[in-house]
1. Yes or no: region 57-73 includes at least one residue that is over 23 Å from Glu99 (Cβ atoms), among the β-branched types (Val, Ile, Thr), touching a strand residue (DSSP E or B) at 6+ places or on another chain (Cβ under 6 Å) and modelled with pLDDT of 95 or more.
2. Between residues in region 143-164 that are of a type in the set (Phe, Trp, Tyr) and at pLDDT 95 or above and residues that are surrounded by fewer than 21 Cβ atoms within 10 Å (Cβ to Cβ) and assigned to a strand (DSSP E or B), which pairs lie under 7 Å by C-beta distance while being six or more apart or on different chains?
3. Does region 11-20 contain at least one residue that is over 26 Å from Met257 (Cβ atoms), under 13 Å from the mean Cα position of the chain (by Cα) and either modelled with pLDDT of 95 or more or surrounded by 16 or more Cβ atoms within 10 Å (Cβ to Cβ) (or both)?
4. Tell me, yes or no, whether region 68-76 has at least one residue that is in contact (Cβ under 8 Å) with a residue 60 or more places away in the chain and either more than 17 Å from the chain's Cα centre (by Cα) or closer than 27 Å to Arg144 by Cβ (or both).
5. Do we find a residue being among the aromatic types (Phe, Trp, Tyr), touching a Lys or Arg at 6+ places or on another chain (Cβ under 8 Å) and crowded, with 20+ Cβ neighbours inside 10 Å anywhere in region 162-182?
6. Of the residues Val208, Val241, which is under 24 Å from Thr148 (Cα atoms), hydrophobic (A, V, I, L, M, F, W, C), more than 17 Å from the chain's Cα centre (by Cα) and not in a helix (DSSP H, G or I)?
7. Which of the strands (runs of 3 or more DSSP E) contained wholly in region 109-164 include at least 3 residues that are touching a helix residue (DSSP H, G or I) at 6+ places or on another chain (Cβ under 9 Å)?
8. Among residues belonging to region 244-264 that are assigned to a helix (DSSP H, G or I) and among the small types (Gly, Ala, Ser), point out the one that is farthest from Asp210 (Cα to Cα).
Amino acid sequence: MIMSNSPCQDGGLTLRFWGVRGSTPVCGSDYAEFGGSTPCLEVRCGERLFLIDAGSGLFNCGQHHRADLPKEIDLLFSHLHFDHTGGLPFFKPAVFDGERVINTWCGNLDGASAEASLGRLYAPPLFPVTLDILPCQMKHHGFRAGETLTFPDGMEVDTLLLNHPQGSVGYRFDHGGKRLCVISDIEHSDPWPSPELRAFVEGADLLVYDGMFTDCEYPTCRGWGHSTWQKGVELARAANVKALGIIHLHPAHTDAMLRRVEAEMQAEMPTAFIARERALVDVGTIGTPRPRVVARSA
C-alpha cells in the first residue's frame with residue numbers, strides 16, 4: 001500500500017484522508033504529522049467522486065480542489081454527530097456555486113434523510129443562518145443501512161449498519177478489481193468480529209477502521225461507540241484483509257504517541273498504518289510493507 005500525493009493510475013480506486021480525528025479538531029505542533037481535522041474522506045472510483053462525512057476536514061478538501069469539483073457531489077454520511085457534519089457550510093467552492101448540487105446520503109435514521117437533522121443544527125441560535133440560503137442546491141436522500149446504494153450513473157456502494165450510539169453506516173467500494181471498506185464509527189462486539197461485519201469486509205484491499213482508543217484506554221470508555229487498533233487488526237486477520245488504516249484518532253493522541261502506536265501495530269500487521277491527513281492512498285497498490293507518507297498536499 002503506497003501513500004503519496006501522486007495521482008493514481010487511470011481508472012484506479014483511491015482514497016484521500018482530509019480529516020482523521022474524532023470528536024473535536026485539534027491543532028498545534030503536536031499534531032503536525034497526523035493532522036487535527038475531523039472526519040472527511042475522498043474516494044475516487046476512477047474519476048467518479050464520493051465524499052464520506054463532512055467534518056472540519058471538508059474545508060481543506062474544498063480549498064484543495066476549488067474549481068475541479070464535479071457539478072454534482074455525493075456526500076455519504078456515516079452518521080450525523082457533530083464531528084461528522086460540522087464542516088458542511090464551509091465547503092466553500094461547492095456551497096457558494098449556484099450551479100452545484102450536493103446530494104447527502106444518510107442511512108442510520110431508519111430511512112429518513114439528513115434534512116431535518118441538519119436543519120436543526122444549522123439554524124439560529126446554534127448557527128447564524130439556515131442551509132437554504134446557500135447558493136448551491138442540496139438534495140437529501142435517506143436509506144436503511146444494509147441496502148446497496150445505486151446511483152443514476154450505475155455506480156453501486158454497499159452499506160452496513162454499525163454498532164454506535166444512534167447507529168453508523170459502513171461503506172464498501174468495489175472498483176477495478178479492488179475493494180475499499182470504511183468502517184467508522186464502531187464499537188466492537190463480544191464475540192468479535194460479528195459474522196455480518198466479517199463478510200462485509202472479506203478480502204478488502206484496504207480496511208479503514210475506527211481505532212480511537214488503545215486496549216488500555218478502552219475499558220473506561222466502554223459504550224461510547226468506538227474501538228481500538230487491536231480490534232481492527234483482529235478483524236483484518238479474520239477477514240483476510242490486505243491492509244488496515246486507522247482513523248477517528250483520539251484528540252489527545254499526539255504525533256509522538258501515534259508513531260509509537262503505529263510501530264506496535266505494524267509489529268502485529270506490517271501492512272497496517274495510522275492515517276495521515278491529506279495523504280493519498282492508491283488502494284491495492286503493492287508497495288513497501290510499512291506504509292509511509294511520501295508527500296502531503298499543501
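The values are calculated or read from the model by the stated rules, or taken from the named source; none is laboratory data. Please read all numbers here as calculations on a predicted model, not as lab measurements. Using ideal geometry, Cβ is built from the backbone for each residue, glycine included, and neighbour counts are taken over all protein chains shown.
1. No: zero hits.
2. From region 143-164, the pairs are Phe143/Leu149.
3. Scanning region 11-20, I find at least one residue that is over 26 Å from Met257 (Cβ atoms), under 13 Å from the mean Cα position of the chain (by Cα) and either modelled with pLDDT of 95 or more or surrounded by 16 or more Cβ atoms within 10 Å (Cβ to Cβ) (or both), so the answer is yes.
4. yes
5. Yes, region 162-182 contains at least one residue that is among the aromatic types (Phe, Trp, Tyr), touching a Lys or Arg at 6+ places or on another chain (Cβ under 8 Å) and crowded, with 20+ Cβ neighbours inside 10 Å.
6. Working: Val208 fails: more than 17 Å from the chain's Cα centre (by Cα).
The match here is Val241.
7. In region 109-164, 137-142, 156-162 are the strands (runs of 3 or more DSSP E) which contain 3 or more residues that are touching a helix residue (DSSP H, G or I) at 6+ places or on another chain (Cβ under 9 Å).
8. The residue in question is Ala256.
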